[in-house]
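The values are calculated or read from the model by the stated rules, or taken from the named source; none is laboratory data. Since the structure is predicted, the reported quantities are computational estimates derived from the model, not experimental observations. Cβ coordinates were reconstructed from backbone atoms using ideal geometry, including for glycine residues, and neighbour counts include every protein chain displayed. When the accessible area is computed, the model is the full protein with side chains, heavy atoms only, and any ligands, DNA or RNA have been set aside. Shrake-Rupley method; radii C 1.70, N 1.55, O 1.52, S 1.80 Å.
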Amino acid sequence: AAMAPGKKITARIKRTLPVKGPQAPTLSELMRWYCLNTNTHGCRRIVVSRGRLRRFLWILLTLSAVGLILWQCAELLMNYYSASVSVTVQFQKLPFPAVTICNINPYKYSSMKDYLSELDKETKKALETFYGFSEGKSKVRRSVDEWSSTGSDFFKQIPLLKFEDLSKTVTDLRSGQKRKIEGSVFHKDSSIVNSGDSNDIIGFQLCDANNSSECALYTFSSGVNAIQEWYKLHYMNIMAQIPLETKEKLSYSADDLLLTCFFDGLSCDKRHFTRFHHPLHGNCYTFNSGENGTILSTSTGGSEYGLQVVLYIDEADYNPFLVTSTGAKIIVHDQNEYPFIEDIGTEIETAAATSIGMHFTRSRKLSKPYSDCTETGADIPVENLYNKSYSLQICLHSCFQKAMVDSCGCAQYAQPLPAGAEYCNYNKNPNWMYCYYRLHEKFVKEQLGCQQICKDACSFKEWALTTSIAQWPSTVSEDWMLRVLSWDKGQKINKKLNKTDLANLMVFYKDLNERFISENPANTLVILLSNFGGQLGLWMSCSVVCVIEIVEVFFIDSLSIVMRRQWQKAKKWWNDRKRDQVGKSPQAGDLERQGHDNPVCIDEDLPTFNTALRLPLPQDNPLPRTPPPNYSTLRLETAFTEQLPDTLEVGQH
Amino acid sequence: MNLKKYFIRALHRLQKGPGYTYKELLVWYCDNTNTHGPKRIIKEGPKKKLIWFFLTLLFASLVFWQWGILINTYLSYNVTSSLSIGFKTMKFPAVTVCNANPFKYSQVKHLLKELDRLIEAALERILQPTPGNSSENSPPLDLGLWHQIPLVLIDEHDKDNPIILDIFESNHTAGDNQTAAGNETAAGNETAAGNETTCSHHGSNNCTYRNFTSAAQAVTEWYILQSTSILSKVPLQERIRMGYQAEDMILACLYGAEPCNYKNFTQIYHPDHGNCYIFNWGMDEEALNSSNPGAEFGLKLILDISQQDYIPYLSSAAGARLMLHQQKSFPFLKDQGIYAMAGTETSIGVLVDELERMGYPYSDCTVNGSDVPVKNLYSQYNTSYSIQACLRSCFQNHMIEICGCGHYMFPLPEGVNYCNNEDYPGWAYCYSSLRSSIRHRQICIDSCKETCNDTQYKMTISMADWPSEASEDWIFHILSYERDMSTNVTLDRNGIIKLNIYFQEYNYRTISESAATTIVWLLSSLGGQFGFWMGGSVLCLIEFGEIIIDSLWITVINVISWCKGLKQKRVQARYPDAPPTVSELVEAHTNLGFQHEDMGALPRDEALPPEPGTPPPNYDSLRVQPLDDLGPDSDAE
C-alpha cells in the first residue's frame, strides 16, 4: 500500500505488458518452432520432411540458398559504387569561349636590344666557333674581338661545350682548351646514348656553385637544340630581372597585334580584348575574357558568326634565337581557365586564313567514392598560384614552383610567383640553374610527388577544334586588301604591309550542339535495397521481417535459453551444496535473489525461468488448429514438469 | 430468371452481411495474409505486439516511400549510353567540294562592272584623301548604287559629335584631310574607320550606321550586300552557267581502285559558293561502301580552283571548300566546311562519330523533322531534315514575313522573290536589323529541334606541298592536256589542290542510348522493395484490396441497417407502444445486455438478426482474449 507512485506505475506497466521469455524450453524445440512458423521457405521443409535423406537434402538446399543470398548480396554491395555514363546533346545558345591570341615572338626584338645584345653577340660567337657560321663576316669578326677582349659572364656561368667523342674529352668554347670533364651526363634529347656516328655532341655543363665538383652535363644530339636551350636559360635569367611593367611595354600592344576584328556580324576592337602577360609569350590578348562581367554568346553557328581577326605579325622584329617559327599562337579556353598557351596552343600560319571550327563538349565525373577527382581543388594540399579555377595543369605547375622555391630558394620564371618569393637570377641565386635542372629531372621522373598529389578536375569543358587553312589573301584580292589594311594600320608603320606579316583567323562554332557527358551513379540505395529484396525473395522468400525473426530466434531466444539452462544448473548445484553442507542458513539471501528474479521487479530484458512461470497462461486451449497452441502446450507440459521442483522449493520458504 | 435469382441471392447476402466485425476481419487478415509483418502482430505477446505493429507500419511506409522514388525514377526516363569503337564496312560519306569563290570573274564581269568601278573609286578616295587628280577621263560613276547604301567615314575623335563624311559627297573638300588625320591620330582611342549606312527608305530618317573598325571589313561587307542585290536578279540557270563547271574543276578522281570522273558528282547550286559538286550523295544511286581503312581505299581528287578568275572584292580567301556529310543531307559549308589550300595535298582521315538517341519521351529530338513547326525550305532539294536547315528556313520565313522578300543565301518558298535594291529598297536595313535581332534568333533556336541521330565526321587533317618541285612540270603538263587538249600548261600552283579522303583505322565511334529504366526494371524493383521489407507480392496487394472491399461492405451494411433503424425509430416514435418485433424478441433472448436499455438500444442490432449460416472464422484473438484477461489475476495472487 505504501508503494511509491513511480514504482506503482512500473508495476502496472509490467502487469499489463508482461515479459515473456522464449516459450520453448530447449534449443531444439525453439528451432522446431521457428522452422514451422517462419516465413522463409525451406526451413519448414526440413522439419516437415520424412526420411533422413530428404531432410538432409532440404538442409543442404536451404543452406546453399543462404549461401547464394550472402554471395549475391556481397556482390551487389561491392558493385554499389559504379557509374553509368549518359550523353546528352542540347541545341542552344552557347557561350563563346575565351580566345587567347599571342604572337609567337614574345618581345619586339628591336626594343629588347638593350637587354639582349650581349647575349646575342656571344651566341653568334659560339655559332662561329663551333660551326664556322657567320652571317656578316665583318660584324662577327669585330664582335669576336670584342668578346675576347672583354670576356663574358655567360660562358663563365654555363659553358657551352663540344664533346669530341664519348671519352669525355670536351672543348671549352671560351678557352678553346681540351680537358677531361667529370660529372654525370644527361642527354636532353633521348635517354639512349647515341654512340658511334655523331661524335660531335654539343652540350653545356651546370655546376653546383657551392660545390664545384658536382656538375651535371647536358648534351644534345643537335646543336640547334643545344643553342636554343642554352639561349633560353640565359634569356630567362635576364628577363627575370626586368619588372613586369617594363616587359609589358617591350611586348606588342593590342594595336600592334590586332588589325581587324569582327564578331557575330559586328565589328569589334581592342576594347573587347584583355591583356594577359605570359612569361614566355609576352603580351597575349584574350577575347571575351569575361573580365567586365559579360560573356558573349553565339546563337548561330557558322564562320560568319564567329570571331574573325586579322593579326599583324611583324616578322622582321623576331628574335632569331629564341623563336624559330613565325606566326601566332591561339588557345580556346573557358573564361575561368588559365590559358597554358605554351603547352596546348594552336599555331597560326601567316599569309593564310586559318578557320577553326569548334565543337563544344562538357564532361562531368562523379567525385569521391566513385572516382578520385576533385571538384574545386580545395582538397588538394597544393596552393593554386594562378588566379583561375583549378585544373590538373595548374596543380602540377604550382606544385613544381613550390618545390622550386623550397629547394632552390627562388621561383622559376615561366610560372607565377608564390607569396614572398622572387624569380631566379644569377646575381642573387648563382646556383639556381643547376638546382632547377636537377629538380626538373626529378619532376619528370615523378619523384617530387606532384603527380601523386594532383588530381584531375571532375568537370571540364572541351572545345574540339577542326583547323583548316586557305590561302589568304587570294592572288587577285591581295593588292587592294594589303592597301586597305595598311591604311587601317595607319601611318604608324610607314610601309606597305607584306602578306607574310598578316594572319587571318576565324574561330566559330560548327554547330550549337552541346554535348554533355556525365556520369551518374548506377545504383541508389533504393535500387540496392530492391536488389537485396529480389535476391532474398528469389532464393528463400525472405524479407527484413525474416531477418528480424532470425535475429530474435537465433540470438536473443537461443541465448536466453542457454542462459536459463545455466541458471538452473547453477541453482541446482548451489542448492545441492547447501543441502549437503549447512542446511538452511542462506535462506534470506536466497529469498532476496528470488525477489530479484521476480518479473514484477527485474528488468524485462533477460527473462528467466521464474518470469516464464509466472506468465499468465491460457488455461484452456479451445482451438487446437492454430500454430501457437503447439508451442504453448509444449510449454505447459514440459516446462512445468521440468521446472516444478525448483518452484516448489521456492514456495517452501 | 437466373438474373432475378441472382439478385435475390445478392440481396440476401447483403442483408446477411459479411458476418463479422471490423476487428474480426482485421485479425483474420493478419493471420492469413502472406505479408510477413501482420502475422507477428497478432501472434506475439502484448509488448512485442506493439513493437511489431510499429515495425510493420514502418516497413509499409518505407515500401510506399521507396515505391514513390522508383516510380519517379522511371518517369524521369533516364538513358544509359553505350560506346562502341572499331572498324566496319561503312557508307563512305558524301563529299561536297566547292570553290571558295562563287562565280568566275570573267563571266560576271559585265554585271559587276559598275560596282567594281565604284568601289575602286571609293578606295581611291579613302586611301588617297587629296582629291583632284583621280578624276580622269573615265566615264562618270553610277552613283545610284552608291546612294542606296553609302559608305561613310565617321571620325569619332571628338566623341560627343562625331563627324560623318560621305566619301563621294561634294562638300568633303574641307573635311577629308582632317578626317584621315583624325583617324590616324585617334587610332588608339575610339575610332570607327569605315562605315556603312543603311536606311529603311529613301530620304527617310530611319537610318542606321553599321560601324566597322576596319576599312577592309567595311568594304567587303558593303560589296557583299551590293553584289547580293545584283546577283539575286539573275535567273538560276544563268548563275549556274557563270559558276565553275564540273569538268573544269574536277581534274582527276579515284575512289579506291576505281576511276571516277566529274560525272560521278552531283551538281548543286550553293548560294555562298556557286556550283558545288557532291560525290556519293546517294540521291539516285546506292551509296558507296568502304571496307578498308587507309588512303589507298579512299577518295582521291585533284581540283583546279583557277585563282586568277576570282572576284577580287568578294572573297579574299582562296582555296577549295569541302565538307563531309551524310548521304541525302544538304551541305552547309559555312558551318561545317573546311578549307583546302591551293598548292597542297590535303589528307583527311575520317572517323564517323555517331550519336544515336532515343526519341520522345527520353529526349526532345526529332526523327525526321515532321514534328517541327518550321517549314523546311530545304526539302526542295530532297534532303533530310537537319537543324541547320531548320534554322535557315526559320530565318528566311522571318525575313519574308518582315521584309517581304527572301534573302539570296537561302532557298525561297513559292511565290516569293529574292530581295534586291530596285524592288525592295529597304531590304538591307531590314535584313541587318533582323540579323542582329537576338529575339528572332532565340525564336528559331526554340522552335527547331535537333535530330535524334547526330552524325559527325571527325577529321584528322594534314597537309603537304603538292606537287613537289621535281614533279611539278609533268603533272601540270598532263593535267592541262587532259582538261584542255592543249600542250600548253594552263595550270599553276595557285590553283591546284589534291585531296585524299579516307577512313581511319578505327572508323566509327557510336554512342547509342538505351533506356535506363524499363517497365520490367520498374516491376522487379517494386517487387524487390516489397519483398525486401515485407515479403509481399502482388497477391498480397490483392489480399489487401479484398480486405478493403470487405470492410467497405461491412460499412455499407452497417449504414443500411442504421438507416433502417432510424426509420423504425421514427415509426416507433409515432406508435410509442409498438409491440416488439420478432427479431427484437430473439435478440432479447440471446443477448441479456439488451434488456436494460429498452429504448436507447441501437436500432441496427434489431435489423440484423444473427445469422447462423456463417460461423466466424477461428480467430486466434479469441484465444488471446482470455489470455489477457487472466493477466491481472495471476499477478494478483
Inset, instruction - Just give the residues from the range B:512-534 buried by at least 10 square angstrom of accessible area in the all-chains context relative to the isolated chain, probe 1.4 Å, and say none if nothing qualifies. - result: B:Glu513, B:Trp521, B:Ser525, B:Gly528, B:Gln529, B:Gly531, B:Phe532, B:Trp533
Legend entry - In the range B:285-352, the GluC sites (Glu not before Pro) that fall in loop regions by DSSP, at most 10 other Cβ within 10 Å: B:Glu285, B:Glu286
Legend entry - Local net charge near B:Leu288, Cβ-Cβ under 10 Å (Lys/Arg +1, Asp/Glu -1): -2
Inset, instruction - Step through the table entries A:Lys329/A:Lys455; A:Lys496/B:Lys458; B:Lys5/B:Lys564, compare each Cα-Cα distance with 31 Å, and write down the pairs that go over it. - result: A:Lys496/B:Lys458
Inset, instruction - For the range B:366-451, with all protein chains present and a 1.4 Å probe, just round the carbon and sulfur fraction of the accessible area to a whole percent. - result: 50 percent
Inset, instruction - Would you mind counting up the charge near A:Ala470? Only other residues with Cβ under 12 Å from its Cβ, with Lys and Arg at +1 and Asp and Glu at -1. - result: 0
Legend entry - Fully extended contour minus Cα-Cα distance, from B:Asn2 to B:Asn292, at 0.36 nm per residue: 96.5 nm
Inset, instruction - Taking 50 Å² as the minimum loss, tell me which residues in the range B:31-70 lose that much accessible area going from the chain by itself to the full protein complex (1.4 Å probe). - result: B:His36, B:Arg40, B:Lys43, B:Pro46, B:Lys47, B:Trp52
Legend entry - Residue-normalised accessible area of the range A:372-457, expressed per residue, 1.4 Å probe, Å²: 48 Å²
Legend entry - Label-to-label distance, nm, for residues given as B:Glu247 and A:Ala83 (7 Å Cα→Cβ offset): 6.1 nm
Legend entry - Efficiency of FRET between A:Val444 and A:Leu417 - r from beta-carbon atoms, R0 22 angstrom, step 0.05: 0.45
Legend entry - Long-range HN-HN contacts of B:Met90 with modeled amide H, under 5 Å: B:Ser290
Legend entry - Distance (nanometres) between label positions extended 7 Å along Cα→Cβ at B:Met283 and A:Glu552: 8.0 nm
Inset, instruction - Evaluate the charge dipole of the range A:409-491 about its Cα centre and quote only its size in Debye, nearest 20, assuming +1 on the Cβ of each Lys and Arg and -1 on the Cβ of each Asp and Glu. - result: 340 debye
Legend entry - Area hidden from solvent between A and B (accessible, protein heavy atoms only, 1.4 Å, total, Å²): 8600 Å²
Inset, instruction - With a cut-off of at most 14 other beta carbons within 10 Å, and DSSP calling the residue loop, which trypsin sites (Lys or Arg not before Pro) in the range B:47-110 qualify? Please list them. - result: B:Lys88
Legend entry - For a label point 7 Å along the Cα-to-beta-carbon line of B:Tyr22, residues of the range B:539-571 with backbone N under 14 Å: B:548-559
Inset, instruction - Determine, from the Cβ-Cβ distance of A:Lys388 and A:Asp114 and an R0 of 41 Å, the FRET efficiency 1/(1 + (r/R0)^6), rounded to the nearest 0.05. - result: 0.80
Legend entry - Estimated FRET transfer efficiency when R0 is 30 angstrom, pair A:Phe516-B:Lys91 (beta carbons, to 0.05): 0.60
Legend entry - Whole-Hz ³J(HN,Hα) from phi, Karplus 6.51 cos²θ - 1.76 cosθ + 1.60, for the range B:403-415, glycine and proline x: 9, x, 9, x, 7, 4, 6, 10, x, 9, x, 5, x
Legend entry - Dipole magnitude (debye, nearest 20) for the range A:488-565, charges at Cβ of Lys, Arg, Asp, Glu: 940 debye
Inset, instruction - Might you tell me the accessible area per residue for the range B:269-405, computed with a 1.4 Å probe and given in Å²? - result: 34 Å²
Inset, instruction - Can you check what the net charge comes to around A:Thr274, using other residues whose Cβ is under 15 Å from the Cβ of A:Thr274 (Lys, Arg +1; Asp, Glu -1)? - result: -2
Legend entry - Dipole moment magnitude, nearest 20 debye, the range B:205-334 about Cα centre, only Lys, Arg, Asp, Glu C-beta charged: 500 debye
Inset, instruction - Considering the options B:Ser370, B:Cys444, B:Leu412, tell which one lies farthest towards the positive end of the dipole of the range B:366-451, charges being +1 on Lys and Arg and -1 on Asp and Glu at the Cβ, about the Cα centre. - result: B:Cys444
Inset, instruction - Subtract the Cα-Cα distance of B:Ser379 and B:Glu120 from 0.36 nm times their separation in residues, and report this length gain in nm to one decimal. - result: 89.2 nm
Inset, instruction - Would you calculate the separation in nanometres between label points at A:Lys499 and A:Trp71, each defined as 7 Å from the Cα along the Cα-to-beta-carbon direction? - result: 7.5 nm
Inset, instruction - Return the loop-located GluC sites (Glu not before Pro) in the range A:387-476 (DSSP other than H, G, I, E, B) with at most 12 other Cβ atoms within 10 Å of their own Cβ; answer none if there are none. - result: A:Glu446
